[in-house]
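Only one structure is covered here, and it is reproduced in the block below.
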Amino acid sequence: MVSRSAASGSPQTQRQRAVARIDQNAPINFTFDGRSYRGFAGDTLASALLANNVHLVGRSFKYHRPRGIMAAGSEEPNALIRLGKGAYAEPNLRATQIEIFEGLYAESQNRTPSLKFDIGAINSVLDRFFPAGFYYKTFMWPASMWMRYEHVIRHAAGLGKVADDHNDPDRYEKTHAHCDILVAGGGATGLMAALQAAKSGARVILADEQNEFGGWLLGEADIKIADVPALSWVSDIVTELAAMPNVTLLPRTTVFGYLDHNYLTLNERVTDHLPSRPAHLPRQRLWKIRAQQVIIAQGAHERPLVFAGNDLPGVMLAGAVRTYINRYGVCPGQRAIVVCNNDDAYRTALDLHHAGAYVVVTDLRATATGPLMRAVRNAGIEILHGHAIIAAYGTHRVARVEIAPVDDSVTAITGDIDHRDCDLIAMSGGLSPAVHLHSQARGKLQWDDAKLCFRPSATHEPSFNIGACNGSFDLVAGLKEAVRAGTKAAAATGHKATTLDTPDVQIHKQSWRPLAAWKIPNGHASGRGPKAFVDFQNDVTASDVSLAAREGYQSVEHLKRYTTTGMGTDQGKTSNINALAILADALGNEIPAVGTTTFRMPYTPSNIGAIAGRDIGDLFDPVRLTRMDDWHRAHGATFEHVGQWMRAWYFPQDGETMQQAVNREVKAARTTAGLLDASTLGKIDIRGRDAAEFLNRLYTNAWSKLGIGKCRYGLMLKDDGMVMDDGVTTRIGENHFHMTTTTGGAAGVLDWMEEWLQTEWPDLEVYLTSVTEQWAVATLSGPNAGKILQDAGIDFDLSPAEFPFMSMKEGHIGGLAARIFRISFTGELSYEINVAARHGLALWTRLMAAGKAYGITPYGTEAMHVLRAEKGFIIVGQETDGSVTPHDLGMDWIVSKTKPDFIGKRALARHAMEYDDRKQLVGLLCSDPATVIPEGAHAVLDPNQPLPMKMLGQVTSSYFSPNCGRSIAMAMLKGGHALKGQTVFFPMLDGSVLKAEIVDTAFFDPKGARIDG
Amino acid sequence: MANSSSSRPDFSGQTALAGIASSTSANPDGGTIGLVFGEMAHLGKLNLRGQNGLAKAVKAITGCTFPPKANRFQSAGERHVIWLAPDEYLLLCEAGKEQELQDSLNSMITSSHFAITDVSDSLCALSLRGPSVRAVLAKGCGLDLHPDQFTAGQSAQSLLALSAVTLMAVADDAFILICRTSFAPYVQRWLADAALEYGYQYKA
Amino acid sequence: MLIITCPFCGPRDEVEFACGGEAHIARPLADNKISDADFADYLFMRDNPKGLFLERWRHSAGCRRWFNVARDTVSNEIVEIYPMGSLPAKTAAKTTYKTSWRRDTAAEKAATPSRSKAGGSK
């Protein structure tokens, strides 16, 4: 019955027999560490490797000890491999969960240069020097050396490497789902609960991390449910559920996070098991599920026993051995020792025996009786009661054990040591309910002193724990819980169904009370003798835990961080309870008093790609474009991001540099006319009886008397008196205003205004509507602006008498309805022309055509910045940073003295506002007119003072101004207003020092003579 | 360039998605295309604020009754009134009708506390249809979109991936999606991407 | 992620909302004569309790309306949701309101006469 393959790769010498879940007619070739192997459809990488008699699959984290496959599921701590090549490579995957496919490529990790000869294993010889906390103790002093140590340590200790090419080429998706009842875990109890719930008509989602439903039953051979083999019962239920429209079945899906208010996150591995991944399907899909009720049926994890050499390849969990035999038809060894503190492992002994292995049972308990033991004895299997494996030996695989009689509490060796040869140890230290999801959701735990495990007590979210994860290891008891939970959960969501009968289960009766034996003696003092591992993934030994306790790390959370036990990709699924128990023993305390560490998501590692989903590339963040964008692109604009908007930055022509292009644009706006796309400015329509009063409270200046059709500049403060936003607001009608805000501030200002209206002044009758995108805006600026507007077909009189500065008129341009604001951010004659957004491009092209004869020049945001700086106009967020008052900006003129209140008024009267070392806005002229002082440069009064120098403040805006013919800058300097005329210095990184005179901020046309063109 | 008002501009102007061409991706499994979608070009949109007298005026002028409760919309032919907030509604109307309706409403409502604002160019409406429309939306929207939960006539403001949206269920397999015009290209791209596994057709 | 029941739109995911911090902070007007230190209680001091907390939320991706929430910061249980401008009705939330240190501040005493109701403020 041994399958022999003639093709490439070694024969599957350990494949024992045909089993339903392995298709021996479907051979699959794969590569591990450069060698070809063959497995079958239905295999995991672990089962296929074991079939090929490969046990050594990795090196350990710290000591680089040889490690093998220990488990058969997601709790596997050792068999972490790197799957795939190049950009597709993914490290730290558990071989026990990878379904093999044709051409699979895998490598072992953490070994140099090869798995069998690993230079890092020297750490194991030097183990005396690597106790718990070794790195902390040794490498922290001197602190300056840590960076160097760290590099070496990180290389030597650690897990797999990520792909060299950091662009993950796979597609990942996310989706939301809602259900009445989410069942986490599709083993016997999960299926039963899902069926009970689904019969009521409730919307049910059933998720399981394995590729098929059935849970641990998939690894059993001898169980019957409802008089049929357990897996027939499973497939009948799955078939029934699959046919129900209110049920969603999610195999290969791990519920890895349980958050507030029954929000759960799941990772579905959609195409991981396929040899090629269809482009239209995601590799993995993140499910974000909101459930009314949750039923947790996560099962339990078997615990290892802590004996010397327990980490050798060939030392496996007893339940996993059963799974490899029964599910995969692979017997992982021929000479097996079963070592246990409980009844359950006897079933492994039976299955090993039936698979043809030679078996000895070493039971830590002095006595154990019952049908299981009888069956084992009747099979002729040797049972050694009151015995323990005190040490296991081997190089790359276990080869020999020392067995000795032990006292009742397994603390002392009581007789002679017997040596036995073996190639497999099946160990069982009892079961730990998987309380992870329950605990993530802040459910409480209680210690069960009979079953020796923590199990759920009170739940925090609306949820139920059933079956093994509830500490109900007996299948019949678990199924009863399942029916009860399914019924109650359905009822809680308003659904009802007849209660299903709990099916009969045929299984050997067994006790679920293991013997407390946390650390098996080996005849040596603690810290001496061969290592007995508690946490396999993090190389934490029993003596490490005891040492940490002696050194004062008595809190379990401290223990975890000091020894790293329970960390890593497995988060201590197999190790935590053993570590706790050993800690409790060292402290002379009870286990429940020691408690557990906090359980956090994810339950198993989840790919970050699935969390990002499709929010990558051009879907990473929405890019907002104006209606004139096509024109800008067609005319060679370069762009800059302003919030989510893309704004034209400058329009280089014929190989111009940025500086040349900006100079040209800035010049044109002052000599003829420039055209700016100002569509992104925030615009808010304000209507209502109290609109003017509302503005009075919002802005620092007064608004009641603003005439209809008139515009006014306003400064908005937060209630701490600091400048928040600015803009021009226009009275359209008695109760109707049009506000503009900065581009970046648009959304925030609207929210701010709504907040005050709704929460502080609900008595005001005002409605706000965002019209930012309703209007496309072109700003025409320069001495020829009026003529161009005339030629473009404006239908009203533009003379300053009829249409003065700071007013608005509605009219038409070439038939396009427009609102035109005579406001200026350049100091030139300027019109902000608003048309319905759909006509934005038409307006732009019309103005460009009309301005052609005048040399109209489109300009971008950089020229806009220079033009306003020439006038000394501030930009909120550039000159200001949330700590700047109007006075700091020299803008006292805009703060009303007469209004009883406005936002920020009281704060402006605080004593702290009068400090003379507040940073204040000043202009700067560099001593070298060709030098532009870098923005952000810090000013000092004396460049020769000792370090650290006394900083005065920083340059906020700095440009070359072609209209002034020299560089100009603005800065926020402590007590700046009083420093006018003085010289300040800017020490640069290269050692040079720039020098500048403090001046007024209005660099160009300080009298404002150009405003009417 | 001397101008005269006789050269009439193109009043239709450009829609939010004017620059995006039609595209199709077949259903990889064969069979029906999962999502057929396109811009409802130039649909008129008025934001309505107010309480007293607003409902009466809207009924009289547009023929639409106000939705009886939150998260609903009410239709009369091509016109829909969508509940947005306790005193806020969105009126969708035939292309080009918005100005006339706005003027009529302004003149009919006597209360001082109301606001009718033209947001036709501020918002973009997309029509979504197909057997996979709910599955596609669920990839980006946290609302429970099960046909028993989000029935025809229901609407909601929520998020679709990184964009704010208003969703209106027109039928089991048909929605109207409204977003800001500057987010429309993102939403269009997102929908096409999310519908890849079901196949899609985007009609410009 | 929380489910927050918007008083207008019904239960929605937390991502649709923005938290506006502590509720029931009465705002003194500029002509309320209080010291800088007292004013600082209004401007700067915010509670961060372990347990029940009265806070303001806004349904930012929905109807954009503000409302008050009484939330337990330990369990994340939402005990009560009540309109802006009103006080909580449930006993525990009421007690939280009444026993807040803020009730005794000069800032609140100065501000309260300018409010029609004690709850009618940020």
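Can you give the helix-only mean residue ellipticity at 222 nm for chain B, where every DSSP H stretch with n ≥ 4 adds -39500 (n - 2.57) and the sum goes over all residues, rounded to the nearest 500 deg cm²/dmol?
The helix-only estimate for chain B comes to -5000 deg cm²/dmol at 222 nm.
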*Kindly express, to the nearest 10 degrees and within the range 0 to 90, the angle between helix A:576-587's C-alpha long axis and the longest C-alpha principal axis of chain A.*
80 degrees
*asked:* Quick check on segment B:1-139: of the DSSP beta bridges with both residues there, what percent are antiparallel, nearest 5%?
replied: 100 percent
_If I model a spin label at A:Asp763 and A:Lys509 as a point 7 Å from the Cα along the Cα→Cβ vector, what separation in nanometres do I get?_
8.1 nm
*What list of ³J(HN,Hα) values in whole Hz, one per residue of segment B:118-129 in order, does the Karplus curve 6.51 cos²θ - 1.76 cosθ + 1.60 (θ = phi - 60°) give from phi, with Gly and Pro shown as x?*
6, 10, 4, 8, 7, 10, 10, 10, 10, 9, 10, 8
*Share of Cα-Cα pairs in segment A:250-361 beyond 17 Å, in percent?*
67 percent
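Dividing the alpha-carbon radius of gyration of chain B by 2.2 N^0.38 Å (N being the number of residues), what value is obtained?
Working: Rg = 18.2 Å, N = 204, 2.2 N^0.38 = 16.6 Å.
Against the compact-globule rule of thumb, the ratio is 1.10.
Work out, in µm²/s and without decimals, the Stokes-Einstein translational diffusion coefficient of segment A:170-289 at 25 °C, 0.890 mPa s, Rh from Kirkwood over C-alpha pairs.
Details: Rh = 15.1 Å.
So the translational diffusion coefficient is about 163 µm²/s.
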*For a quick protection proxy, order the peptides A:523-531, A:468-476 by their average other-Cβ count within 10 Å, most packed first.*
A:468-476, A:523-531
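For chain B, what does the accessible surface come to per residue with a 1.4 Å probe? Please give it in Å².
Values: 7750 Å² over 204 residues.
Result: 38 Å² of accessible area for each residue.
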*Summarise the accessible area of segment A:388-525 (1.4 Å probe, protein heavy atoms) by the percent that is carbon and sulfur.*
49 percent
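Report the semi-axes of the equivalent ellipsoid for segment A:471-571 in whole Å, largest first, where each axis is √(5λ) for an eigenvalue λ of the Cα gyration tensor. Mind showing how you got there, number by number?
On the way: eigenvalues 378, 82, 22 Å².
After scaling each eigenvalue by five and taking roots: 43, 20, 11 Å.
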_FRET E, pair A:Glu935, A:Lys718, Förster distance 35 Å, beta-carbon r, rounded to 0.05_ = 0.90
_If you fit an axis through the alpha-carbon atoms of helix A:475-492 and take the longest principal axis of the Cα set of chain A, what angle between them do you get, 0 to 90°, nearest 10?_
30 degrees
_List, by residue number, every residue in segment B:154-168 with a reduction of 10 Å² or greater in accessible area between the chain on its own and the complete protein assembly, 1.4 Å probe._
B:Gln157, B:Ser158, B:Leu159, B:Leu162
*Tell me, what % of the accessible area of chain B is carbon and sulfur with a 1.4 angstrom probe?*
49 percent
*Cβ under 12 Å from A:His354's Cβ, A:His354 left aside: what net charge do those residues give with Lys, Arg +1 and Asp, Glu -1?*
+1
*Residue-wise, which Karplus ³J(HN,Hα) couplings in Hz belong to segment A:507-520, taking 6.51 cos²θ - 1.76 cosθ + 1.60, θ = phi - 60°, and x for glycine or proline?*
7, 4, 5, 8, 8, 10, 10, x, 8, 6, 8, 8, 9, 8
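Out of segment A:554-620, which chymotrypsin sites (Phe, Trp or Tyr not before Pro) are coil in DSSP terms and have no more than 13 other C-beta atoms within 10 Å?
Within segment A:554-620, the qualifying chymotrypsin sites (Phe, Trp or Tyr not before Pro) (loop, at most 13 other Cβ atoms within 10 Å) are A:Phe620.
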_Amide hydrogen neighbours beyond the local backbone of A:Lys174, cut-off 5 Å, H modeled_ = A:Leu286, A:Arg614
*On the first, second and third principal axes, largest extent first, how far apart are the outermost C-alpha atoms of chain A in Å?*
115, 72, 61
*asked:* Inside 10 Å of the C-beta atoms of B:118-125, what's the mean count of C-beta atoms belonging to other chains?
replied: 5
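Take A:Trp649, C:Trp101, A:Trp447 and sort them by solvent-accessible surface of the protein heavy atoms, 1.4 Å probe, largest at the top. Write down the numbers at each step before the final one.
Working: A:Trp649 70, C:Trp101 90, A:Trp447 45 Å².
Per-residue accessible area, sorted high to low, gives C:Trp101, A:Trp649, A:Trp447.
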_Averaged across A:468-478, how many Cβ atoms of other chains sit within 10 Å of each residue's Cβ atom?_
0
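By DSSP, what percent of the beta bridges with both residues in chain A are antiparallel, rounded to the nearest 5? Before the final figure, lay out each step's value.
Values: 132 of 181 bridges.
The antiparallel fraction comes to roughly 75 percent.
Tally Lys and Arg at +1 and Asp and Glu at -1 over the other residues with C-beta under 9 Å from the C-beta of A:Phe985: what net charge comes out?
On the way: positive: A:Lys995; negative: A:Asp942.
Charge balance in the 9 Å sphere: 0.
What does the highest-first list of A:195-204, B:66-75 look like by mean Cβ count within 10 Å? Working shown, then result.
Working: A:195-204: 25.3, B:66-75: 17.1.
For the peptides A:195-204, B:66-75, the packing ranking is A:195-204, B:66-75.
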*Near the amide H of A:Gly430, under 5 Å away, which other amide H atoms are found, from residues 5 or more places off or on another chain, if H is placed in the peptide plane?*
A:Arg303, A:Asn341
*asked:* From the gyration tensor of the Cα coordinates in segment B:13-104, what semi-axes in whole Å does the equivalent ellipsoid have, largest first, with each one equal to sqrt(5λ)?
replied: 32, 17, 11
*Can you give me the P(r) profile for segment B:71-135? Cα pairs, bins 10 angstrom wide beginning at 0, each as a whole percent.*
16, 46, 28, 7, 2
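Roll a 1.4 angstrom probe over the protein heavy atoms and tell me the percent of accessible area of segment A:682-770 that is carbon or sulfur.
Working: 1220 of 2430 Å².
It is 50 percent, rounded to a whole number.
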*Run the quick spin-label model on B:Lys69 and A:Val228: label points 7 Å from Cα toward the beta carbon, then report their separation in nm to one decimal.*
4.5 nm
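Determine the order of A:Glu107, A:Glu302 by accessible area, beginning with the largest, at a probe radius of 1.4 Å. Intermediate results must be reported in sequence, preceding the final value.
Details: A:Glu107 50, A:Glu302 15 Å².
Largest to smallest exposure gives the sequence A:Glu107, A:Glu302.
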*Alpha carbon centre of segment A:962-977 versus segment A:856-909: separation in Å?*
15 Å
*Of the beta bridges DSSP finds with both residues in segment A:324-418, what % are antiparallel, to the nearest 5?*
45 percent
*In segment A:163-189, what residues drop by 10 Å² or more in accessible surface going from the chain by itself to the full protein assembly, probe 1.4 Å?*
A:Arg171, A:Glu173, A:Lys174, A:Thr175, A:His176, A:His178
*Can you work out the base-10 log of I(q)/I(0) for segment A:631-692 at q = 0.23, 0.30 1/Å, using the Debye formula on its C-alpha atoms alone?*
-1.04, -1.32
*Calculate the length of the line joining the C-alpha centroid of segment A:730-798 to that of segment A:372-412, in whole Å.*
85 Å
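Å³ per residue of the Cα convex hull, for segment A:383-493? Spell out each step's value before the answer.
On the way: hull volume 17.7 nm³, N = 111.
Expressed per residue, the convex hull around the Cα atoms of segment A:383-493 is 159 Å³.
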*Could you pull the accessible area for A:Tyr650 with a 1.4 Å probe, rounded to 10 Å²?*
30 Å²
*Taking amide H positions as placed 1.01 Å from N in the peptide plane, with prolines and chain starts having none, which residues 5 or more places from A:Ile732, or on another chain, fall under 5 Å of its amide H?*
A:Gly709, A:Phe737, A:His738
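Could you provide, to the nearest whole Å², the per residue accessible area of chain A with probe 1.4 Å? Don't skip to the answer; put the middle values down first.
Numbers: 37520 Å² over 1013 residues.
Solvent-accessible surface per residue comes out at 37 Å².
Mind grabbing the interface size between B and A? I mean buried accessible area, both sides, 1.4 Å probe, in Å² to the nearest hundred. Write down the numbers at each step before the final one.
Numbers: alone 10440 and 41180 Å², together 47050 Å².
Separately minus together, B and A give about 4600 Å² buried.
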*What's the Cα-based Rg to Rh of segment C:13-122, Rh via Kirkwood?*
0.98
*Could you state how much accessible area is buried at the C-A interface, both sides summed, with a 1.4 Å probe, in Å² to the nearest 100?*
2700 Å²
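Could you sort the peptides B:130-139, B:24-33 by per-residue average Cβ neighbour count (10 Å cutoff), highest mean leading? Mind showing how you got there, number by number?
Numbers: B:130-139: 22.1, B:24-33: 13.7.
Ranking, from highest mean packing down: B:130-139, B:24-33.
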*List for segment A:888-903: residues with 10 Å² or greater reduction in accessible area, all protein chains versus chain alone, probe 1.4 Å?*
A:Pro900, A:Asp901
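Where the only charges are on Cβ atoms (+1 Lys, Arg; -1 Asp, Glu), what is the dipole of segment A:317-429 about its Cα centre, to the nearest 20 debye? Let's see the in-between values first.
Numbers: 10 positive and 12 negative charges, 91 e Å.
Using Cβ point charges on Lys, Arg, Asp and Glu, segment A:317-429 gives about 440 debye.
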*Compute the long axis of helix A:188-199 from its Cα atoms, compare it with the longest principal axis of the Cα atoms of chain A, and write down the angle in degrees, 0 to 90, nearest 10.*
60 degrees
*Would you kindly derive the ³J(HN,Hα) couplings of segment A:696-709 from the backbone phi angles with the Karplus curve 6.51 cos²θ - 1.76 cosθ + 1.60 (θ = phi - 60°), listing them in order in whole Hz, with x for Gly and Pro?*
4, 7, 7, 9, 7, 9, 9, 10, 4, 8, 5, x, 5, x
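Hey, could you get me the Stokes-Einstein D for segment A:317-429, Kirkwood radius over alpha-carbon pairs, 4 °C and 1.567 mPa s, rounded to whole µm² s⁻¹? Mind showing how you got there, number by number?
Values: Rh = 13.9 Å.
It diffuses with D of about 93 µm²/s by this estimate.
Buried accessible area for the C:B pair, summed, 1.4 Å probe, in Å² rounded to 100? Don't jump to the answer; show the numbers that get you there.
Values: alone 6980 and 10440 Å², together 16480 Å².
Buried area (both sides, nearest 100 Å²): 900 Å².
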*Take the alpha-carbon centre of segment A:530-585, take the same for segment C:7-67, and report the distance between them in whole Å.*
45 Å
*Distance check, please: which entries in A:Lys488/C:Lys50; A:Lys667/A:Lys1007; A:Lys116/A:Lys560; C:Lys50/C:Lys98 exceed 22 angstrom between their Cα atoms?*
A:Lys488/C:Lys50; A:Lys116/A:Lys560
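The values are calculated or read from the model by the stated rules, or taken from the named source; none is laboratory data. As the structure is a prediction and not an experimental result, all values here were calculated from the model. Glycine also receives a Cβ, built like all others from the backbone with ideal geometry; neighbour counts cover every protein chain displayed. Note: accessible area is taken over every heavy atom of the protein model, side chains too, but ligands, DNA and RNA are not part of it. Shrake-Rupley method; radii C 1.70, N 1.55, O 1.52, S 1.80 Å.
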